[in-house]
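Accompanying notes for the structure given below.
The values are calculated or read from the model by the stated rules, or taken from the named source; none is laboratory data. What you are looking at is a predicted structure, and each value in this text was computed from that prediction instead of being measured. Quick reminder, even Gly has a Cβ in these numbers, built from the backbone with ideal geometry, and neighbours come from all protein chains shown.
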Amino acid sequence: MPPSVKEQADDEAIRVFAENLRQLLLAPPLGQKRVMGIDPGFRTGCKVVCLDAQGNLVHNENIYPHPPVDKKTEAASKLRKMIEAYKIEAIAIGNGTASRETENFVTHQQFDRPVQVFVVSEQGASIYSASKTARDEFPDYDVTVRGAVSIAPRLMDPLAELVKIDPKSIGVGQYQHDVGQAKLKKSLDQTVENCGMSETTKGSVIKKRILAIFLRHYSANG
């Protein structure tokens, strides 16, 4: 019996979802660079985090370059100071609310060192920020900081960062709630594995990251 129109549509939606996920996971990594991540916003400001070349969080604060607060001069000064203090080499800006305005603001600044600016997908960052993995990685920070921290590593190593999030939460497909969930999950899990991340590998990546954070905390505090 040939598949119904609905089944054919479901298969195509799942195929597109899987292909989009594959392209996102296999995006070229920037590598070990010192990266600033910006989670843009209007009223609540832009959450800014600075990561070292190993992906460790070394600084975080908010800036308010957009209305209604509109402290552009102060925000520009803070950016310059952070970029110089932490020797930032690249800036990753989330593609959510106020993304275009934030990118425009950042690219019009004059910094004392060459800095590349990228816009990255922030889909699933809020899911990650409230997850156990995020709490284990960054126990001393709230969800807003953890969400911003998720943006910068997506530029440094997309695959290693995005495997922490349920593929369905990354938001790269349409009609995901209308198709068969078991079939969708199987396809997305297979896509992740085809990109080089089995469940075992994924768990190993996350465990190594958390262990590195614990060791850094222990060496700093005894």
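Which count do you get for residues in the range 18-40 that are part of a loop (DSSP other than H, G, I, E, B) and either of a type in the set (F, W, Y) or surrounded by fewer than 21 Cβ atoms within 10 Å (Cβ to Cβ) (or both)? Residues meeting the conditions: 9. In the set (1) farther than 30 Å from K186 by Cα; (2) buried (at least 19 other Cβ atoms within 10 Å of the Cβ); (3) out of contact with any His (no Cβ under 8 Å at 6 or more places or on another chain); (4) not β-branched (V, I, T), the condition left unmet by P68 is number (2). Is it the case that G180 is at positive phi and either modelled with pLDDT of 75 or more or over 14 Å from the mean Cα position of the chain (by Cα) (or both)? No.
Of all the listed residues (Y128, Y175), the sole one being modelled with pLDDT under 90 and surrounded by 18 or more Cβ atoms within 10 Å (Cβ to Cβ) is Y128. Scanning the range 52-62 for residues that are assigned to a loop (DSSP other than H, G, I, E, B) and either within 13 Å of the chain's Cα centre (by Cα) or buried (at least 19 other Cβ atoms within 10 Å of the Cβ) (or both) yields a single hit, G55. Taking D11 as the residue in question, decide whether it is modelled with pLDDT of 85 or more and in a helix (DSSP H, G or I). Yes: the conditions hold for D11.
Conditions tested, residue by residue: (1) of a type in the set (A, V, I, L, M); (2) touching a residue at least 12 places away in the same chain (Cβ under 8 Å).
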residue	(1), (2)
N60	no, yes
K81	no, no
I93	yes, yes
V115	yes, yes
S126	no, yes
D136	no, yes
V145	yes, yes
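Among the residues examined, V49 does not qualify as surrounded by fewer than 13 Cβ atoms within 10 Å (Cβ to Cβ) and of a type in the set (A, V, I, L, M). The criterion of at least 2 residues that are under 30 Å from D11 (Cα atoms) is met, among helices (runs of 4 or more DSSP H) falling completely within the range 63-175, by 125-129, 158-162. When G41 is tested against (1) at pLDDT 95 or above; (2) in contact with a Leu (Cβ under 6 Å, 6 or more places away or on another chain), just one condition goes unmet, and that condition is (2).
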